[in-house]
Amino acid sequence: MDKRQAEAFAQEWVSAWNSHDLNEILAHYDDDFEMSSPAIIQLTGEPSGTLRGKAAVGEYWSGALKKFPDLHFTLLHTLRGANSVALVYEGVLGLSNEVFHFGDNGKVIRAYAHYS
């Protein structure tokens, strides 16, 4: 993952979320991706904090977009790794960090959210 790729992903991802367009958001993810977040526990009651598959995560995010109609992310930092990107941003849950791992097709296969 080079700097240009990481920054392009970051801008596209934040823009998708700020547009509230679920299809645009989900376009970044593989059909079988896995999402882990403490907010999943709070909003869905799933004790593991992990959802698998675009359908399950899409349903969760659809509910989150309805619950937070003023949702807006402000990107603060983009960090790159080996086939991964970490974004630090300010969002509805305060200071946030998400780590994205990419598959061979360039789509996110795993994502891990962290909140302050």
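Test of understanding: what is the full-extension gain from GLU90 to GLU46, defined as 0.36 nm times their sequence separation minus their Cα-Cα distance?
Stretched fully, the GLU90-GLU46 segment lengthens by 13.4 nm.
What distance in nm separates the simple spin-label points at ASN23 and ASP104, each placed 7 Å from Cα in the Cβ direction?
It works out to 2.9 nm between the two label points.
Treating only the Cβ atoms of Lys and Arg (+1) and Asp and Glu (-1) as charged, compute the dipole magnitude of the stretch 3-115 about its Cα centre; round to the nearest 20 debye.
The calculated dipole for the stretch 3-115 is roughly 200 debye.
Using each residue's phi in the stretch 94-108, evaluate 6.51 cos²θ - 1.76 cosθ + 1.60 at θ = phi - 60° and report the 3J(HN,Hα) Karplus result to the nearest Hz, with x for Gly and Pro.
After applying 6.51 cos²θ - 1.76 cosθ + 1.60, I find x, 4, 9, 9, 10, 10, 10, 10, 9, x, 4, 7, x, 9, 5 Hz.
At 7 Å along Cα-to-Cβ for each site, give me the label-to-label distance between GLU12 and LEU65 in nm.
In this crude label model, GLU12 to LEU65 measures out at 1.8 nm.
All of the numbers you see were taken from the coordinates with simple rules; none came from a lab. Fair warning: this is a prediction, and the values are worked out from it, not measured in the lab. Cβ atoms come from the backbone with ideal geometry, glycine included; neighbour counts cover every protein chain shown.
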